[in-house]
Amino acid sequence: MVEELVGAGLVEEGAGTAPSGAGTEGGVGRPPVLLSLVSGAAFALGLDFGHQHIRVALCDLSGEPVVDDYSLAEVDHAPSESLDLAQTLVHDALHSAGVAPDRLLGVGMGLAVPIHKATGNLEADGILPGWHGIRPAAEMEARLGIPVALDNDANLGALGEKAFGAARGVDDLVYIRLSAGIGAGLVIDGHPYQGFAGVAGEVGHVLSDPQGPICRCGNRGCLETVASPVAVATLLERSLGQPVTVARLLELVAEGHRGARRAVAEAGEAVGRALSMVVNILNPELVVVGGDLSQAGDVLLSPIADAIERHSVAPAAAAVRVTAGMLGPRAEVLGAAALILARSPRALAARLGA
Ligand SMILES: [Zn+2]
């Protein structure tokens, strides 16, 4: 395998041998050789399709982003225009970094929709209706001529925080993303968990308020209808007498606006109640809170932690920490790149034609 990796240019043998005593003892077998990763030998590209934006990150083999770009897009309603825009973003990223397409190991792609594990079909009904019947990985592959791996955005956020952010070294974690929608990515025993069909982690559609509004999924009173950033911002419109965007909501929270802090704190409590059930069932070590609303900081995080403490069984509550994500809005796109970088060295070498 070392020969394959060296042949592909992914690793190089260091000058001299490893310090004596390293490797096999007693001089049996090959003498140990220092190998080092050639970070710039190959690249992985992440694409994150949000509801209203597309983000791209080109990462070297150590996961360091060499290009990180962003464009607004009407992703929900215009899938094929969005895929075209993503193609342009990919080409621009490769061009600005001076990376030839044959040095690209693959493209990881995140989409805010459950993806059926066996068929790769989108479970788009109600969640992302404009994308019904579209096969995004195949469409993107046809545009780029590069292998594309598709995953749910919250799953990728979990991978990103585990590889590069707040969950490094953590094998049991729940990443919850509070953005236009609410979703969670689960890592159990070190492995991403998607469930039998690929729909695991839909915490946004757990019942939160039986009398609440009808949700886009068709059920009533889902957590998302109570605690998504848009739902929280909307709560302030009556008292402020004007439309309130999520950005404005976050400004009001930062300014100490009493009503805005109250609205975010109650959303945190609802999120924490839903997570308390997840904590009871999965006994995670860490809950990482990402997405737009996580910018509210402790105004959001403290009520989440308090609700988990109050509603989870004591040993599970005592075991879990709640923290904000470290990667902010880049968690998903870096997770998409990590999806490619996590492949076996042999698969990576094969892609480079060693
Ligand atoms: Zn729902």
Fill in the blank from the handout: Between the residues Ala158, Phe196, Pro101, the Cα farthest towards the positive end of the dipole of the stretch 101-231, that dipole coming from +1 and -1 charges on the beta-carbon of Lys, Arg, Asp and Glu, is from Pro101
Completion exercise
Among beta bridges assigned by DSSP with both residues in the stretch 58-181, the antiparallel ones amount in percent, to the nearest 5, to 40
Problem - Tail fraction, Cα-Cα pairs, the chain, threshold 36 Å, whole percent - result: 26
Practice task
Over the alpha-carbon set of the stretch 1-160, divide Rg by the Kirkwood Rh and report the Rg/Rh ratio to two decimals.
Solution key: 1.12
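When the helices in the chain are scored as -39500 (n - 2.57) per DSSP H run of 4 or longer and the sum is shared across all residues, what 222 nm value do you end up with, to the nearest 500 deg cm²/dmol?
Details: 13 runs with 133 residues, N = 354.
Helix contribution divided over all residues of the chain: -11000 deg cm²/dmol.
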Practice task
Filter the trypsin sites (Lys or Arg not before Pro) in the stretch 259-305 to those in DSSP coil with at most 16 other Cβ atoms within 10 Å of their Cβ, and list the result.
Solution key: none
Practice task
Could you work out how far apart the two model spin labels at Val170 and Asp125 are, taking each label as a point 7 Å from the Cα in the direction of the beta carbon, and quote it in nm?
Solution key: 3.5
Practice task
List every residue whose amide H lies under 5 Å from the amide H of Asn121, counting only residues 5 or more places away in sequence or on a different chain, with H placed 1.01 Å from N in the peptide plane.
Solution key: His116
Exercise for the section: List the residues whose amide H sits under 5 Å from the amide H of Ala42, counting only those 5 or more places along or on another chain, with H placed 1.01 Å from N in the peptide plane. Expected result: Leu61
Problem - Protein-only accessible surface order, largest first, of Met326, Met140 at 1.4 Å - result: Met326, Met140
Practice task
Ignoring everything but the protein chains, give the 1.4 Å probe accessible area of His51 in square angstrom, nearest 10.
Solution key: 30
Fill in the blank from the handout: At 4 °C and 1.567 mPa s, the Stokes-Einstein diffusion coefficient in µm²/s for the stretch 23-117, with hydrodynamic radius from the Kirkwood sum on alpha carbon pairs, is 84
Exercise for the section: Could you order Glu224, Glu12, Glu237 so the one with the most accessible surface comes first? Probe is 1.4 Å. Expected result: Glu12, Glu237, Glu224
Fill in the blank from the handout: What the Cα atoms of the stretch 169-296 span along the principal axes, largest first and in whole Å, is 48, 34, 20
Exercise for the section: Find the all-direction average of the projected area of the Cα convex hull for the stretch 254-329, expressing the result in square nanometres with one decimal place. Expected result: 4.8
Practice task
Calculate the spin-label point distance for Ser239 paired with Met277, positioning each point 7 Å from the Cα along the beta-carbon direction, and give it in nanometres.
Solution key: 2.8
Completion exercise
In the stretch 80-181, the trypsin sites (Lys or Arg not before Pro) that sit in a DSSP loop and have at most 10 other Cβ atoms within 10 Å of their own Cβ are Arg168
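Work out how much length Arg135 to Ala350 would gain on full extension: take 0.36 nm times their residue separation and subtract the Cα-Cα distance, in nm to one decimal.
Computed gain between Arg135 and Ala350 is 74.9 nm.
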Exercise for the section: Please list Thr245, Thr323 in order of solvent-accessible area, largest first, computed with a 1.4 Å probe with all protein chains present. Expected result: Thr245, Thr323
Handout entry: Calculated diffusion of the stretch 164-244, Stokes-Einstein form, Kirkwood radius summed over Cα pairs, 37 °C and 0.692 mPa s, µm²/s
Key = 229
Handout entry: Cleavage-rule hits, GluC sites (Glu not before Pro), the stretch 101-200, DSSP coil, Cβ neighbours within 10 Å at most 13
Key = none
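The values are calculated or read from the model by the stated rules, or taken from the named source; none is laboratory data. What you are looking at is a predicted structure, and each value in this text was computed from that prediction instead of being measured. All Cβ positions, glycine included, derive from the backbone under ideal geometry; neighbour counts span all protein chains shown. Accessible surface areas use protein heavy atoms only, side chains included; no ligands, DNA or RNA. Shrake-Rupley method; radii C 1.70, N 1.55, O 1.52, S 1.80 Å.
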